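Chemist: Dropping a structure here in structure tokens format, bear with me for questions.
The values are calculated or read from the model by the stated rules, or taken from the named source; none is laboratory data. Since this is a predicted model, take the numbers as computed values, not measurements. All Cβ positions, even for glycine, are placed from backbone atoms using ideal geometry, and neighbour counts span all protein chains on display.
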Amino acid sequence: MAYESVYLEKELQIDRIYTIHYFEYRNDFYYAGERHNFWEFQCVDKGKAEVCAEDEHYVLSRGQVIFHKPNEFHNLSATGTNAPNIIVVSFACNSPCMSFFENKLLEFSDTERSILGLIIAEARHCFSSPLDNPYTEKMEKRQDILFGSQQLLISYLEQLLIHMLRRYTTTPRYPSSSLDDTGPVSSASRKIVSYFEEHIRDSITIEDVCHDNLIGRSQLQKLFREEYGYGVIEFFSHMKINFARQLIRENDMNFTQISEFLGYSSIHYFSRQFKKICGMTPTEYASSIKAISERPQDTDHKNNKEDKNGADA
């Protein structure tokens, strides 16, 4: 076989890093300001801080971040009422997509805060210069720098910016609670699928479907077998489990709550149905790479906790 490589574009590229700082300021801290020909962002990790960007003034709270484009004047000060912790990162990037960050006051998500934590940790591996000196003009590399530390630092920063760009600019795409269409389907079956979506939390029988949709049992079964390859109730079961997978990924309910939410008679029956359709238990699915890969990327997810899961479903 003749294999052919695929060229992958790099749409955002950090060319160099100037400073990475984590400051624990006093409540009377004041930095007069500066301008430089590279990017910088300031993020509040605790407390509040006042920032001036050209003629605009902002008060940043925990989790908020402000970006300063090249040659934009900016300063930083404490509000006088608390001692803030501030993260400052400055870097060179000429990628056109960076225009998104101009004049932006944004908020870091939990995922982005985690990436920022990796940046600070890797900076300690990479640089001997203290990260809490606001007047450092050049970061000095460590003599015993860890293998790959410089590359990871660049990679984490690029990941952070890409993640923010996608979260703020990409329209969310959530998985459908219904099965994928296997081909052209009739208006009659689409009507029944809509009926299923409206009753996704209910326990319904084939008699309910026939009665509420004015269709005969044999006609209904024939319709779904021909158009979807499933029996009617089997199709509805798949819809329920697909929705359960989405709820597991969102991680706002434990398995018992999901089971009750979707109208199952017990957590054990829910578990059996889930494993029958997905090939793994809800617990196995929640910690699987498959679940991670299917998460909506505009939404952050808390770490799974053992006490949330209830029974081992």
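Chemist: For segment 75-87, state whether one or more residues are assigned to a loop (DSSP other than H, G, I, E, B), of a type in the set (Ser, Thr, Tyr) and touching a residue at least 60 places away in the same chain (Cβ under 8 Å).
Modeler: no
Chemist: Report the residue count in segment 88-135 for those that are of a type in the set (Asp, Glu) and loosely packed, with under 14 Cβ neighbours inside 10 Å. Steps first, please.
Modeler: Pass one, segment 88-135, residues of a type in the set (Asp, Glu): 102, 107, 110, 112, 122, 132.
Adding the requirement that they be loosely packed, with under 14 Cβ neighbours inside 10 Å leaves 102, 110, 132.
So the count comes out to 3.
Chemist: Shifting gears a bit: Give the residue that is surrounded by the most Cβ atoms within 10 Å (Cβ to Cβ), with candidates limited to residues of segment 62-87 that are more than 18 Å from His36 (Cβ to Cβ) and out of contact with any Asp or Glu (no Cβ under 9 Å at 6 or more places or on another chain).
Modeler: Going through the qualifying residues, I end up with Asn82.
Chemist: Still on this structure, I have one more. Considering only segment 145-252, give the helices (runs of 4 or more DSSP H) lying wholly within it that have at least 1 residues that are modelled with pLDDT under 90 and within 30 Å of Ile115 (Cβ to Cβ).
Modeler: Of the helices (runs of 4 or more DSSP H) lying wholly inside segment 145-252, those with at least 1 residues that are modelled with pLDDT under 90 and within 30 Å of Ile115 (Cβ to Cβ) span 149-169, 232-250.
Chemist: Additional query: Out of Asp45, Asp55, which single residue is touching a Lys or Arg at 6+ places or on another chain (Cβ under 7 Å) and either farther than 19 Å from Glu112 by Cβ or surrounded by 18 or more Cβ atoms within 10 Å (Cβ to Cβ) (or both)?
Modeler: It is Asp45.
Chemist: Take Phe91 and decide whether it is under 23 Å from Arg166 (Cβ atoms), assigned to a helix (DSSP H, G or I) and aromatic (Phe, Trp, Tyr).
Modeler: For Phe91, the condition - under 23 Å from Arg166 (Cβ atoms), assigned to a helix (DSSP H, G or I) and aromatic (Phe, Trp, Tyr) - is not met.
Each row is one residue, and each column tells you yes or no for (1) among the charged types (D, E, K, R); (2) within 16 Å of Ile20 (Cα to Cα); (3) touching a Lys or Arg at 6+ places or on another chain (Cβ under 8 Å).
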{"position": "Glu72", "(1), (2), (3)": "yes, no, yes"}
{"position": "Ala78", "(1), (2), (3)": "no, no, yes"}
{"position": "Ala83", "(1), (2), (3)": "no, no, yes"}
{"position": "Val88", "(1), (2), (3)": "no, yes, no"}
{"position": "Pro96", "(1), (2), (3)": "no, no, no"}
{"position": "Phe101", "(1), (2), (3)": "no, no, yes"}
{"position": "Leu105", "(1), (2), (3)": "no, no, no"}
{"position": "Asp110", "(1), (2), (3)": "yes, no, yes"}
{"position": "Ile120", "(1), (2), (3)": "no, yes, no"}
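Chemist: Going through segment 15-33 one residue at a time, which ones are in a loop (DSSP other than H, G, I, E, B) and either more than 12 Å from Ser155 (Cα to Cα) or at pLDDT 95 or above (or both)?
Modeler: Restricting attention to segment 15-33, the residues satisfying the condition of being in a loop (DSSP other than H, G, I, E, B) are 15, 25-29.
Within segment 15-33, Tyr25, Arg26, Asn27, Asp28, Phe29 meet the criteria.
Chemist: Still on this structure, please answer the following. Confirm whether Glu50 is part of a strand (DSSP E or B), in contact with a strand residue (DSSP E or B) (Cβ under 6 Å, 6 or more places away or on another chain) and more than 16 Å from Thr136 (Cα to Cα).
Modeler: Numbers: part of a strand (DSSP E or B): yes; in contact with a strand residue (DSSP E or B) (Cβ under 6 Å, 6 or more places away or on another chain): yes; more than 16 Å from Thr136 (Cα to Cα): yes.
It is true that Glu50 is part of a strand (DSSP E or B), in contact with a strand residue (DSSP E or B) (Cβ under 6 Å, 6 or more places away or on another chain) and more than 16 Å from Thr136 (Cα to Cα).
Chemist: Keeping to segment 74-93, report how many residues are modelled with pLDDT of 95 or more and out of contact with any helix residue (DSSP H, G or I) (no Cβ under 9 Å at 6 or more places or on another chain).
Modeler: Number of matching residues: 2.
Chemist: Identify, please: which residue in segment 1-36 is farther than 18 Å from Pro134 by Cα and among the polar types (S, T, N, Q) and is, among those, surrounded by the fewest Cβ atoms within 10 Å (Cβ to Cβ)?
Modeler: That would be Ser5.
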